[in-house]
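The values are calculated or read from the model by the stated rules, or taken from the named source; none is laboratory data. Keep in mind that what you see is a predicted model, and the values were worked out from it rather than measured. Positions of Cβ are backbone-derived with ideal geometry, glycine not excepted, and every protein chain shown enters the neighbour counts.
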Amino acid sequence: MEKLLEIKDLYANVGEKEILKGLNLTINKGEVHVVMGPNGAGKSTLANVIFNNPAYTKVSGSVEFEGENINDLSVDKIAKKGVFMSFQSPEEIPGISTFNFLKFAKGKITDKPVKVFEFKKQVEGFTEELNMNPKLIERNLNVGFSGGEKKKNEILQMLALNPKLAILDETDSGLDVDAIKTVSKGIEMYKNDENAVLIITHNTRILKHLKVDFVHVLVDGRIVKTGMGELATEIEENGYKEYNA
Amino acid sequence: MAKTQVEDINRNIYDIKNEDEYAFKMQKGLNREVVLEISKQKNDPDWMRELRLKALEVYNSLELPTWGPDLSELHMDDIATYVKPKSKLNTSWDDVPEEIKKTFDTLGIPEAEKKSLAGVGAQYDSEVVYHSMKEDLLKQGVVYLDMESAVREYPDLVKEHFMKCVPVNDHKFVALHAAVWSGGSFVYVPKGVKVDIPLQSYFRLNSPESGQFEHTLIIVDEGASLHFIEGCSAPKYNKVNLHAGCVELYVKDNAYLRYSTIENWSKNMMNLNTKKAIVGKNAQIDWVTGSFGSKISMLYPMSILNGEGAKTEYTGITFAGKGQNLDTGFKVIHNAPNTSSVVNSKSISKEGGSCTYRALVRVAERAKNAKCSVSCESLMLDDISRSDTIPVNDIQTDEVEFSHEAKIGKISDKEIFYLMSRGLSEEDARAMIVRGFAYPISKELPVEYAVEMNNLINMELEGSIG
């Protein structure tokens with residue numbers, strides 16, 4: 001199995017506050033991982049630290065992507081390596097249409113000129129699969145989008161940019177049942193043997209619609225248990241109480 | 001004289017300067033002989049010569065403004081007030097001297113004329129070198145001329161309106177303008193005539209240590225409509241140049257005028273420009289303004305809503321970089337009932353640049369049911385830049401709806417992180433956010449100018465990271 005992401009003994013802070021306290025995680029190509037945990041456990045921090053968000057500080061440990069240490073790479077360089085993150089609250093950017101933004105980003109990530117007609121067809125195909133209003137991609141990036149539309153737009157970007165590793169940070173939160181199904185469908189469409197998905201969530205709803213390889217329980221900055229899909233069911237029934245001690 | 005510090009930014013096409021060739025360049029400084037010489041060169045009628053001389057007296061009697069940016073670097077003794085280019089007024093670009101034509105070609109003026117304009121005027125230094133308008137507008141009685149021709153050909157119309165909207169004693173630089181004005185455009189749109197395609201005048205100041213004092217006079221008669229575009233630029237010199245233009249707009253009852261401007265002066269320019277509009281019953285004036293260049297700008301377009309139900313909208317953006325102090329804003333006088341004004345102002349400052357929004361809203365007692373809404377937003381790209389908002393509200397009736405909203409902000413790290421996570425460099429991400437901030441303004445501009453504005457933003461942001 002080929003390693004895609006390997007996090008070793010990672011300690012990270014927000015300001016002075018310790019959030020991650022010795023986290024280990026390995027993701028291979030072709031796998032779908034879920035990290036679950038109560039609020040404040042460090043779930044979103046994990047996503048941000050992988051991406052080297054300057055608002056977070058790595059204290060020690062390492063993040064490797066395809067065998068290369070990416071601890072100190074800038075955010076855009078990490079994106080160009082093939083890492084993608086779906087945001088919990090995507091930013092609204094006026095003045096550029098969603099499609100033009102995607103085209104621009106695609107060009108930056110692939111470092112090649114984008115074949116506009118072909119790319120447009122492809123993106124339009126994705127919007128259809130995701131039950132998105134086709135006019136949405138002509139509107140300014142996320143501006144005035146509903147919560148559900150923003151989340152779907154993140155999945156659309158994932159499909160269009162086609163990364164090697166997609167990190168989905170609370171993509172399922174705040175969505176109704178139909179939207180969760182659609183988002184799951186998007187993930188299924190994206191998934192293949194060469195890439196991987198890391199889903200970060202605090203509830204188990206999305207897991208009903210997705211085939212998951214590993215479930216990790218994150219409590220107090222550390223992964224305290226790893227199991228298969230049934231671990232999610234167990235947590236749904238019992239919550240995180242037993243790990244809090 | 002004191003050398004002005006000018007930042008070395010590549011302003012590409014705007015900085016291409018031609019040799020300072022001219023047919024006549026007035027001796028530097030300002031006195032009665034200089035004014036008389038300009039008047040003679042212009043072949044002024046008596047009333048205009050008298051007006052110039054009176055204005056000179058007013059100029060000498062007025063002090064420099066004691067508020068706003070520091071103007072002490074401006075020495076009138078070092079400024080040539082009149083520079084006559086080596087060209088007569090032409091109606092075909094083929095007749096414009098090569099060197100001058102090349103400048104306007106580079107700025108895209110003849111191209112824009114073919115594609116999207118109903119008429120074009122082009123001024124080089126102190127004189128209009130090209131003026132032309134589409135045949136069908138001519139047939140409908142629309143007049144679009146350089147100002148000097150208008151003084152000769154429409155003496156009554158000009159005399160009735162010239163320096164009446166902006167009085168000579170308004171402030172020192174208006175008086176200066178009136179004394180030495182040269183060039184500019186005159187537009188008359190007859191009653192009921194709708195001019196669907198814009199007219200555009202472009203003002204280019206090539207000569208160093210000189211002033212440009214063009215006069216724009218537009219009369220949109222009852223029920224008529226017009227979109228007028230004004231573009232300004234100059235190459236960079238390391239000495240002070242002065243721009244003290246004057247724009248007088250008359251929007252008669254039920255008429256509509258949209259006045260769009262992109263001022264992209266070089267950073268040695270003192271831009272002390274005055275623009276006013278008098279608006280009649282149920283008439284409307286919309287201002288769209290982008291202020292980019294200049295070392296110092298003091299520019300406050302004013303709408304005087306004299307007719308019942310008159311309306312005005314002001315949409316403006318100001319971008320100040322290193323060494324720039326841009327003091328801009330909008331003034332509105334509600335003089336009649338049911339008048340309304342909407343102001344949407346944005347400013348961007350970086351590398352120590354300073355933007356001030358200085359505004360006046362006056363609602364007279366008789367202006368019952370006036371409505372006024374003002375929104376000012378500023379974006380500061382770093383910690384050393386400045387942004388100030390100085391509104392003056394003088395409201396003399398209770399029967400008024402008035403709102404003022406001001407926001408000062410910075411680019412959020414979250415936005416940068418979001419865009420960079422999609423593969424954009426920090427520079428790309430910042431430029432995208434700034435363009436987005438400017439978008440509500442740029443979408444109001446004619447498309448070539450919106451593109452120009454985005455290019456200017458990109459140019460300004462290049463290399464400003466790190």
- Item | Subset of the stretch B:210-252 [in a loop (DSSP other than H, G, I, E, B), aliphatic (A, V, I, L, M) and within 15 Å of the chain's Cα centre (by Cα)] | B:ALA234, B:ALA244
- Task: Identify all residues within the stretch B:412-446 that are outside any helix (DSSP H, G or I), facing chain A (nearest Cβ under 7 Å), in contact with a Ser or Thr (Cβ under 9 Å, 6 or more places away or on another chain) and crowded, with 20+ Cβ neighbours inside 10 Å; write none if there are none.
- Result: B:GLY423
- Query: Quick one: which of A:GLU18, A:GLU118, A:GLU64 is part of a helix (DSSP H, G or I) and acidic (Asp, Glu)?
  - Reply: A:GLU118
- Message: Against the conditions (1) more than 9 Å from chain B (Cβ to nearest Cβ); (2) in contact with an Asp or Glu (Cβ under 8 Å, 6 or more places away or on another chain); (3) of a type in the set (Gly, Ala, Ser); (4) not in a strand (DSSP E or B), where does A:GLY40 fall short? Just the number, please.
- Response: (2)
- Query: Can you name every residue in the stretch B:428-447 that is of a type in the set (A, V, I, L, M) and over 21 Å from the mean Cα position of the chain (by Cα)?
  - Reply: B:ALA429, B:ALA431, B:MET432, B:ILE433, B:VAL434
- For B:SER207, are the conditions met, namely being more than 18 Å from the chain's Cα centre (by Cα) and not in a strand (DSSP E or B)? yes
- Task: Please work out if A:GLU128 is surrounded by fewer than 18 Cβ atoms within 10 Å (Cβ to Cβ), within 19 Å of the chain's Cα centre (by Cα) and among the acidic types (Asp, Glu).
- Result: no
- Message: Let me spell it out: the conditions are (1) more than 20 Å from the chain's Cα centre (by Cα); (2) not in a loop (DSSP other than H, G, I, E, B), and B:VAL128 meets all of them except one. Which number is the exception?
- Response: (1)
- Message: Test of understanding: among A:ASN140, A:ASN162, which residue is within 14 Å of another protein chain (Cβ to nearest Cβ) and free of Cβ contacts under 8 Å to residues at least 40 places away in the same chain?
- Response: A:ASN162
- Going by the structure shown, is A:LYS112 within 13 Å of chain B (Cβ to nearest Cβ) and within 22 Å of the chain's Cα centre (by Cα)? no
- Task: Please work out which one of (1) closer than 25 Å to B:TYR439 by Cβ; (2) out of contact with any Cys (no Cβ under 9 Å at 6 or more places or on another chain) is the condition B:LEU326 fails and give its number.
- Result: (2)
- Query: Looking at this structure, is B:GLY409 among the small types (Gly, Ala, Ser) and at the interface with chain A (Cβ under 8 Å from one of its Cβ atoms)?
  - Reply: no
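Table: residues versus (1) over 20 Å from the mean Cα position of the chain (by Cα); (2) more than 18 Å from B:MET459 (Cα to Cα); (3) at pLDDT 95 or above.
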{"position": "B:ALA320", "(1), (2), (3)": "no, no, no"}
{"position": "B:ASP327", "(1), (2), (3)": "no, yes, yes"}
{"position": "B:SER340", "(1), (2), (3)": "yes, yes, yes"}
{"position": "B:LYS350", "(1), (2), (3)": "yes, no, no"}
{"position": "B:MET380", "(1), (2), (3)": "yes, no, no"}
{"position": "B:ARG386", "(1), (2), (3)": "yes, yes, no"}
{"position": "B:THR389", "(1), (2), (3)": "yes, yes, no"}
- Query: Which residue, of B:SER92, B:SER61, B:SER72, is closer than 23 Å to B:THR328 by Cβ, small (Gly, Ala, Ser) and out of contact with any Phe, Trp or Tyr (no Cβ under 7 Å at 6 or more places or on another chain)?
  - Reply: B:SER72
- Note on the structure: The residue that is nearest to B:SER207 (Cα to Cα), considering only those in the stretch B:260-313 that are crowded, with 23+ Cβ neighbours inside 10 Å and aromatic (Phe, Trp, Tyr), is B:TRP265
- Give me the pairs: first residue in the stretch B:79-106 and in the same structural domain as B:LYS42 (by TED's automatic domain parsing), second residue part of a helix (DSSP H, G or I) and basic (Lys, Arg), beta-carbon distance under 8 Å, and six or more apart or on different chains, which are they? B:TRP93/B:LYS101
- Item | Residue that is farthest from A:SER60 (Cα to Cα) [pool: residues in the stretch A:71-99 that are part of a loop (DSSP other than H, G, I, E, B) and more than 8 Å from every other protein chain (Cβ to nearest Cβ)] | A:GLU92
